[in-house]
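Derivation of every value follows stated rules applied to the coordinates shown; laboratory data play no part. All values derive from a computational prediction rather than experimental measurement. Cβ coordinates were reconstructed from backbone atoms using ideal geometry, including for glycine residues, and neighbour counts include every protein chain displayed.
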Amino acid sequence: MVGNRELALDVVPETLRPGALDAPVRWAHVSELQDPAPYLVGGELILTAGVNLPERIDRYVRGLRDAGVTALGFGLTPTVFETLPEPLRRACARHGLPLLVVPTRTPFLAVNRAVSVALTEAGQREQRRIT
């Protein structure tokens, strides 16, 4: 996803741990819940615009990391956050959760679609490999 020019996702470098960009994404999911962790299975790319970003951002990020989330995509929007909240950047860096900035021009639907296409193509490659 990071290399997809159409999506124009920006990686926040200080949030990356070694091998983070190699971690598989099993699905992309949009969530504005203050604590989505109980509903996750691991391997997700969580997308949020921060509509309900909790005051305890550190707990939120730690919960995502502990739930096995692969990365957090934060969507910039003129109606919620025009810039990345610094407390979110710091919490992701502290907990080693890769943080991606989704620019205003990139709808979450485009990110979801790109993940779906990548997963389908990977499955087709694997099917060809074993047949």
Odd one out for residue 58, checked against (1) part of a loop (DSSP other than H, G, I, E, B); (2) over 16 Å from residue 111 (Cβ atoms): (1)
Restricting the search to segment 63-83, which residues are free of Cβ contacts under 8 Å to residues at least 60 places away in the same chain and buried (at least 17 other Cβ atoms within 10 Å of the Cβ)? 63, 64, 65, 67, 69, 70, 71, 72, 74, 75, 76, 81
By residue number, the members of segment 34-44 that are assigned to a loop (DSSP other than H, G, I, E, B) and either surrounded by fewer than 16 Cβ atoms within 10 Å (Cβ to Cβ) or among the small types (Gly, Ala, Ser) (or both) are 34, 35, 41, 42, 43
Taking only pairs six or more apart or across chains, which ones have beta-carbon atoms under 8 Å, a first residue in segment 4-30 that is within 14 Å of residue 93 (Cα to Cα), and a second residue that is surrounded by 14 or more Cβ atoms within 10 Å (Cβ to Cβ) and small (Gly, Ala, Ser)? 12/93; 14/93; 15/93; 20/71
Looking at 73, 68, 63 in this structure, which one is part of a loop (DSSP other than H, G, I, E, B) and of a type in the set (Gly, Ala, Ser)? 68
Here are some residues: 79, 70. Which one is of a type in the set (Ser, Thr, Tyr) and more than 27 Å from residue 123 (Cα to Cα)? 79
Applying the selection to segment 92-131, what residues are of a type outside the set (A, V, I, L, M, F, W, C), part of a loop (DSSP other than H, G, I, E, B) and touching a strand residue (DSSP E or B) at 6+ places or on another chain (Cβ under 9 Å)? 98, 103, 104, 106, 107
